[in-house]
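Student: Structure in structure tokens, see below.
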Amino acid sequence: MKKVVVVGSINMDLVTRCKRAPKGGETLFGEEFFQVPGGKGANQAVAIGKLGTEVTMLGKVGKDSFGKDLINSMKESGVDARYIEEGEKSTGIAKIIVEENGQNRILVVAGANSEVDKAYIDRYLDVIKECDIVVAQLEIPVEIVAYALAKAKEFGKMTILNPAPARELDDEIIKNSDLIIPNESELALITGMPTETEEEIKKAGEKLLDMGVSNLIVTLGSKGSLHLNREVCEFHSAYKVKAIDTTAAGDSFIGGLVRELKDNNVGEAIEFATKVSAIAVTRKGAQTSIPTIEEVENFEG
Ligand code: ATP
């Protein structure tokens, strides 16, 4: 059976709903508070685990209750969390204020995620050696993402990069990523090109191929996704569902894709990923919205 390693972030999302966010120096009462496990790395690992594929998470949390809760949540979803270490800093958090008008204000403190370093990756090289696919995002230090991807390629593994949050990518990272999965705005930032129309997205995607990417999937929200390489340029429509919360749409898409990926069947894997993410957007939350394999099999579209 396929084995996947996710190298990335583990965060607790602290969500407050209120009429409006307080201004500087002001104190207001909010309506509702809840905390939800998040972090792109952890979300993607949970998606892969919930879909029944063997997955190990590499990353760091703090020595605090958030860290313990996050590890438990991953374990409950079938993620091997044995190698997650406790750093000196607090567990990564995202403070999210949601106003009545739907506007979000988000403050992220990377905390222990920023302590994932080369020495940590080196301690778990055997875990990388034993897997088939390594998945990374950009919520831990970018030089460590580059290092982990380089090691994975050295060991002959398939590598997948979700370049989020958006930032420019150097040649080394691009060279060591077999498949890159940005959304439209990440593609725009990486290439410095507009991505408003289908034509523009294709052009920006082609620029990324020229930069050395061999296989690219651009996710386009409710419009679906575009698969692009030197032989293929294929749009995959999203399902028409009643979306109530698109948090982790991208993370569940990646989970589905990784679960289904075999040699050279990216198109089929995208179809599966499209289903997984369609279910996720009809439910609230990040990790809680990600479906199990049974739920995907019963999905009628
Ligand atoms: P996030 O950062 O919230 O995880 P993202 O920007 O990385 O999301 P999107 O491009 O929004 O990712 O969505 C990923 C995939 O999820 C899309 O390619 C699509 O298949 C599916 N999806 C997203 N929004 C919808 C929607 N409203 N209806 C149906 N499917 C959707």
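The values are calculated or read from the model by the stated rules, or taken from the named source; none is laboratory data. Here the structure is a predicted model, which is why all the values come from computation and not from measurement. Quick reminder, even Gly has a Cβ in these numbers, built from the backbone with ideal geometry, and neighbours come from all protein chains shown.
Student: Determine, yes or no, whether Glu186 is acidic (Asp, Glu) and more than 10 Å from the ligand (Cβ to nearest atom).
Tutor: Considered against the rule, which asks whether it is acidic (Asp, Glu) and more than 10 Å from the ligand (Cβ to nearest atom), Glu186 comes out as no.
Student: Tell me which of these Met57 doesn't satisfy, since it passes every other one: (1) surrounded by 24 or more Cβ atoms within 10 Å (Cβ to Cβ); (2) part of a helix (DSSP H, G or I).
Tutor: Single failed check for Met57: (2).
Student: Mind listing whichever residues of the stretch 163-184 are closer than 18 Å to Phe235 by Cβ and surrounded by fewer than 23 Cβ atoms within 10 Å (Cβ to Cβ)?
Tutor: Looking only at the stretch 163-184, we keep the residues that are closer than 18 Å to Phe235 by Cβ, and these are 179-184.
Result: Asn183, Glu184.
Student: Consider Lys68 against the criteria (1) under 23 Å from Ala286 (Cβ atoms); (2) surrounded by 15 or more Cβ atoms within 10 Å (Cβ to Cβ); (3) in contact with a strand residue (DSSP E or B) (Cβ under 9 Å, 6 or more places away or on another chain); (4) modelled with pLDDT of 95 or more: it satisfies all of them except one. Which criterion is unmet?
Tutor: The failed condition is (2).
Student: Sticking with this structure for a sec: Could you say which residue among Glu234, Glu268 is part of a helix (DSSP H, G or I), more than 10 Å from the ligand (Cβ to nearest atom) and not aliphatic (A, V, I, L, M)? Working first, answer last.
Tutor: Details: Glu234 fails: part of a helix (DSSP H, G or I).
From the options Glu234, Glu268, the qualifying one is Glu268.
Student: Can I ask one more? State the number of residues belonging to the stretch 78-89 that are surrounded by 17 or more Cβ atoms within 10 Å (Cβ to Cβ) and either among the β-branched types (Val, Ile, Thr) or over 21 Å from the mean Cα position of the chain (by Cα) (or both).
Tutor: 4
Student: In this structure, is Asp245 touching a residue at least 24 places away in the same chain (Cβ under 8 Å), within 23 Å of Lys157 (Cα to Cα), of a type in the set (D, E, K, R) and surrounded by 15 or more Cβ atoms within 10 Å (Cβ to Cβ)? So that I can check it myself, show each step before the final result.
Tutor: On the way: touching a residue at least 24 places away in the same chain (Cβ under 8 Å): yes; within 23 Å of Lys157 (Cα to Cα): no; of a type in the set (D, E, K, R): yes; surrounded by 15 or more Cβ atoms within 10 Å (Cβ to Cβ): yes.
No.
Student: Being within 14 Å of the ligand (Cβ to nearest atom), within 16 Å of the chain's Cα centre (by Cα) and surrounded by fewer than 20 Cβ atoms within 10 Å (Cβ to Cβ) narrows it down to one of Gly301, Gly221, Gly256, Gly250, so name that one.
Tutor: Values: Gly301 fails: within 16 Å of the chain's Cα centre (by Cα); Gly256 fails: surrounded by fewer than 20 Cβ atoms within 10 Å (Cβ to Cβ); Gly250 fails: surrounded by fewer than 20 Cβ atoms within 10 Å (Cβ to Cβ).
Just a single option satisfies the conditions, and that option is Gly221.
Student: List the pairs whose first member sits in the stretch 268-287 and is over 16 Å from Ile48 (Cβ atoms), whose second member is of a type in the set (Lys, Arg) and more than 9 Å from the ligand (Cβ to nearest atom), and whose Cβ atoms are under 9 Å apart, counting only residues at least 6 apart or on separate chains?
Tutor: Glu268/Lys262
Student: Which residues, taken from the stretch 276-289, are of a type outside the set (Ser, Thr, Tyr), crowded, with 24+ Cβ neighbours inside 10 Å and within 11 Å of the ligand (Cβ to nearest atom)?
Tutor: Val276, Ala278, Ala280, Ala286
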